[in-house]
Amino acid sequence: MRMRSVLALALLALTACQTGKLASAPAPAQPDASQAEIPALVETTCSSCHAIRRDELSPLTRAPSFVDIANSHGLTHDTLVAYLSDAHNYPDVMDVELDAADVEAIANYMLTLRSEDYRRMPS
């Protein structure tokens, strides 16, 4: 947990120093799940309740893992973005404020966790 705090603080410091996006570092359109980096926002905002990595159980047993969500029947990028954008859908414990960029970052990461051979982990 201490490592997460140090990492979050370091990322916050780097963000404060950054003046704009680097034109020479385009993001991949659809990163491979095994290579996808977890956005700092996901680490700091979501990981205290949800399992955000493969083969991990959620710290809060009522909170579905990101893998389970990503592999939900009928889930699309659009439905996930709509859910994350509408705070009225959230359970009370999930009272977080997300702007459009946050929503896109979370949705894009979550969708890298989809798998053709998905099997729900026992809780």
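The values are calculated or read from the model by the stated rules, or taken from the named source; none is laboratory data. On a predicted model such as this, the values are computed, not experimentally measured, just so you know. Glycine gets a Cβ as well: all are built from the backbone with ideal geometry, and neighbour counts include every protein chain shown.
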Under 7 Å between Cβ atoms, which residue pairs at least 6 apart in sequence (or on different chains) link something in the range 101-123 that is more than 21 Å from Thr61 (Cα to Cα) with a partner that is of a type in the set (Ser, Thr, Tyr) and at pLDDT below 95?
Val103/Ser85
Any residue that is at pLDDT 50 or above, closer than 27 Å to Arg120 by Cα, of a type outside the set (Gly, Ala, Ser) and in contact with a Cys (Cβ under 7 Å, 6 or more places away or on another chain) - is there at least one of those in the range 23-42?
no
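Does Glu56 satisfy the criteria of being out of contact with any Asp or Glu (no Cβ under 9 Å at 6 or more places or on another chain) and modelled with pLDDT under 90?
Considered against the rule, which asks whether it is out of contact with any Asp or Glu (no Cβ under 9 Å at 6 or more places or on another chain) and modelled with pLDDT under 90, Glu56 comes out as no.
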Kindly indicate the residue of the range 85-95 that is over 21 Å from Ala51 (Cβ atoms), of a type outside the set (Ser, Thr, Tyr) and surrounded by 10 or more Cβ atoms within 10 Å (Cβ to Cβ) and also modelled with the highest pLDDT among those meeting that condition.
Asp86
Quickly run through the range 96-112 and pick out the residues that are touching an Asp or Glu at 6+ places or on another chain (Cβ under 9 Å) and either assigned to a loop (DSSP other than H, G, I, E, B) or exposed (fewer than 10 other Cβ atoms within 10 Å of the Cβ) (or both).
Val96, Thr112
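Condition check ((1) at pLDDT 85 or above; (2) in contact with an Asp or Glu (Cβ under 7 Å, 6 or more places away or on another chain); (3) part of a helix (DSSP H, G or I); (4) basic (Lys, Arg)) across all residues:
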position	(1), (2), (3), (4)
His50	yes, no, no, no
Leu60	yes, no, no, no
Ser72	yes, no, no, no
Tyr83	yes, no, yes, no
Arg119	no, no, no, yes
What are the residues in the range 48-62 that are buried (at least 19 other Cβ atoms within 10 Å of the Cβ) and touching a Pro at 6+ places or on another chain (Cβ under 9 Å), if any?
His50, Ala51, Ser58
